[in-house]
Amino acid sequence: MGLQVAIVTAMVGTIGCDRVSKHIASEVLAGTPARSFLGDTLRLDYAENPGAFLGLGADWPPEIRGTLFVGAAIVGVFVVAGLGWRLRHVPLALVGLALFAAGSVSNLVDRVAYGSVVDFLNVGIGPLRTGIFNLADVAILGGAALVVAATARLDRPAPPSAA
């Protein structure tokens, strides 16, 4: 029961925080210059991204972009469900899959409803910077990292036992 609560909490919390943060970014940051914090380590810079992660495919025709991104999301649902079934006995991997799915769903909602995703976060030091991203992207990458970390030891052979 505790794992199910953790999974639902991760999903609802991720989608809720992402939706609220995108709304605030749209209301406060849209049409204003980027804001810098922590010695320019963090920038809040509003962008509407019609592409995928970090703008991939943003210059593709809208019909192709929409079809491919929605199609990929549908395939992704089946992949995540299959992985969830396969990893059902690995709690950390299931939480990672929940974060990955929630971030993907939240970005998909934007893409279907508005044709683009609101991005507003940028981090870096000096000229070394990330692209502009949002909290759903953080959940997607964090969830993928949890799945990798949780499953990395599953493929290793057991050490020989002392006889």
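Coordinate-derived values only; no laboratory data. Since this is a predicted model, take the numbers as computed values, not measurements. Cβ placement follows ideal geometry from the backbone for every residue including glycine, while neighbour counts extend to all protein chains displayed.
Results, tabulated for the structure shown:
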| item | result |
| --- | --- |
| Exposure proxy ranking, count of Cβ atoms within 10 Å, fewest first, for Ser21, Ser106 | Ser21, Ser106 |
| Computed over the chain: relative contact order in percent, which uses C-alpha pairs under 8 Å that are six or more apart | 32 percent |
| For Thr14, net neighbour charge (Lys/Arg +1, Asp/Glu -1) across residues whose Cβ lies under 15 Å away | -1 |
| For the stretch 23-64 versus the stretch 118-151, the gap between their alpha-carbon centres in whole angstrom | 13 Å |
| Extension gain from Arg88 to Tyr114, taking 0.36 nm per residue of separation minus the Cα-Cα distance | 5.9 nm |
| FRET efficiency for Ala152 and Leu3, using Cβ-Cβ distance with R0 set to 25 Å, rounded to 0.05 | 0.80 |
| Label zone at Ser36 (point 7 Å along Cα-to-Cβ), backbone N below 15 Å, the stretch 118-139 | 122-130 |
| Rounded to whole Hz, the Karplus (6.51, -1.76, 1.60) HN-Hα couplings of the stretch 8-24, x for glycine and proline | 5, 4, 4, 5, 5, x, 5, 5, x, 5, 5, 5, 5, 5, 5, 5, 5 |
| Vicinal HN-Hα couplings computed from phi for the stretch 64-78 (Karplus, 6.51 cos²θ - 1.76 cosθ + 1.60; Hz; Gly/Pro x) | 5, 4, x, 5, 5, 5, 5, x, 5, 5, 5, 4, x, 4, 5 |
| Kirkwood Rh, angstrom, the chain [1 / mean 1/r, Cα pairs] | 17.4 Å |
| Charge tally in the Cβ shell below 12 Å around Asp137, where Lys, Arg are +1 and Asp, Glu are -1, Asp137 excluded | -2 |
| For Ala101, net neighbour charge (Lys/Arg +1, Asp/Glu -1) across residues whose Cβ lies under 14 Å away | -2 |
| Gain upon complete extension [Arg19, Asp59; 0.36 nm per residue less C-alpha separation] | 11.9 nm |
| Under-5 Å amide H pairs with Asn49, H placed in peptide plane, nonlocal only | Val117, Val118, Asp119 |
| Estimated vicinal HN-Hα couplings, Hz - the stretch 110-117 in sequence order (Karplus 6.51, -1.76, 1.60; Gly, Pro = x) | 4, 4, 6, 6, 10, x, 7, 10 |
